[in-house]
Each structure stands twice: as C-alpha cells, then as structure tokens.
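First the structure, in the form of structure tokens, and then the observations on it.
Taken together, the values in this text are just the output of simple stated rules run on the coordinates, not laboratory data. This is a predicted model, so every value here is computed, not measured. All Cβ positions, even for glycine, are placed from backbone atoms using ideal geometry, and neighbour counts span all protein chains on display.
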Amino acid sequence: MNFTFNKNRYDMKKLIYLMSFFFLLVFFSCKDPKKNFDQSLLSGKWQQGTLFEYYNADGTGYNWDEADNVTENEAQKFTWTLSDDNLVQVHIMEMGGNIPKSYTVTELSSTNLAYQDAYGKKYSFRKIQ
C-alpha cells in the first residue's frame, strides 16, 4: 500500500509539471507579436480631417491642426523614430524642452497610417503627398 501512495505521489508531480508546462506554453504563445513596419513608408504628408503630419526621411517632422487656426508655416516641430510598431514623436517646444509622445502603429502602407496612444485614442491618416 505504501508503494501505491508513492506511485500516486510521483504521478501527481508529473501531472503538476505537465500542467505548468502547458500553462506557460499557452501564456507565451498568446501574446501578440510586434509588427515590423517599413519606416521609409512614413515619409511624406499625412491628413486626418483638419490634422496634418509631415514626416521627413531624416527623422524630423512637424504637425498642425487647421481647426486650431494653425497653418503649416506655424507647425509644431518634432523628431520621430519608428521601431517595430512603436512610433515615438518628441515634440520640440519653442520655449525650450521636449515632450515625447509614444504610439502603437496598427497600419502603415504607402497610402494609410493608423496608430493609437496608450489611452486608446486612435488616429487614422491618409497620405496626400
């Protein structure tokens, strides 16, 4: 009888290890993989309604919103980087200082750009130049 108890105990350990292995397998396989976007597609002028963004190939850019009565000549300058699906714009303030803004890109093609911020606000642009 004592042998049976030890065998059951051994079987129980194997079962726990097996269940742990499958849990970890499922947990790590369910994460969304990062998407890689071609940053060369980002260069150019993009529009969403009255909001415009212009990305230069050298990692600089600017944006403006005509609804705020701001023209392209008065645009807010920024630098940008795109790594995998992470787009970071660092806005350069006229009075000094920088403000980084981070977005997750969900679409980037030769005609469409879509991204969202950490709070779930979504942006969807079309390329106009």
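Please find the FRET efficiency linking Ala67 to Val88, where r is the Cβ-Cβ separation and R0 is fixed at 25 Å, and quote it to the nearest 0.05. Result of the calculation: an efficiency of 0.50.
Each label point was placed 7 Å from the Cα along the Cα-to-Cβ direction; for Lys121 and Lys34 their separation is 2.4 nm.
Tally Lys/Arg at +1 and Asp/Glu at -1 over every other residue whose Cβ is under 14 Å from the Cβ of Ala118; what's the total?
Details: positive: Lys101, Lys121, Lys122; negative: Asp85, Asp117.
With Lys, Arg at +1 and Asp, Glu at -1, the net is +1.
Can you give the local net charge around Glu66? Use residues other than it whose beta-carbon is closer than 15 angstrom to its beta-carbon, Lys and Arg +1, Asp and Glu -1. Computed value for this residue: -4.
Please label the shape of segment 38-78 as rounded, prolate or oblate, based on the square roots a ≥ b ≥ c of the eigenvalues of the alpha-carbon gyration tensor (a/c under 1.5 means rounded; beyond that, a/b larger than b/c means prolate, else oblate). In terms of gyration-tensor shape, oblate. According to the calculation over all Cα-Cα pairs in segment 39-127, the P(r) per 5 Å bin from zero is 3, 14, 24, 30, 20, 8, 1 %. Taking the simple approach of a point 7 Å from Cα along Cα-to-Cβ for both Ser43 and Met95, what is their distance in nm? Output for this residue pair reads 3.6 nm.
The calculated FRET efficiency for the pair Thr79 and Thr111, based on their C-beta separation and a Förster distance of 35 Å, comes to about 0.90. Under the criterion of Cα pairs below 8 Å and six or more residues apart, the relative contact order for segment 39-127 equals 21 percent. Of the cross-linked pairs Lys14/Lys34; Lys14/Lys35; Lys13/Lys34; Lys101/Lys127, those separated by over 32 Å at the C-alpha level are Lys14/Lys34; Lys14/Lys35; Lys13/Lys34. Here Lys77 is the anchor, and the aspartates and glutamates within straight C-alpha reach of less than 15 Å, apart from those fewer than 8 places off in the same chain, are Glu53, Asp58, Asp65, Glu94.
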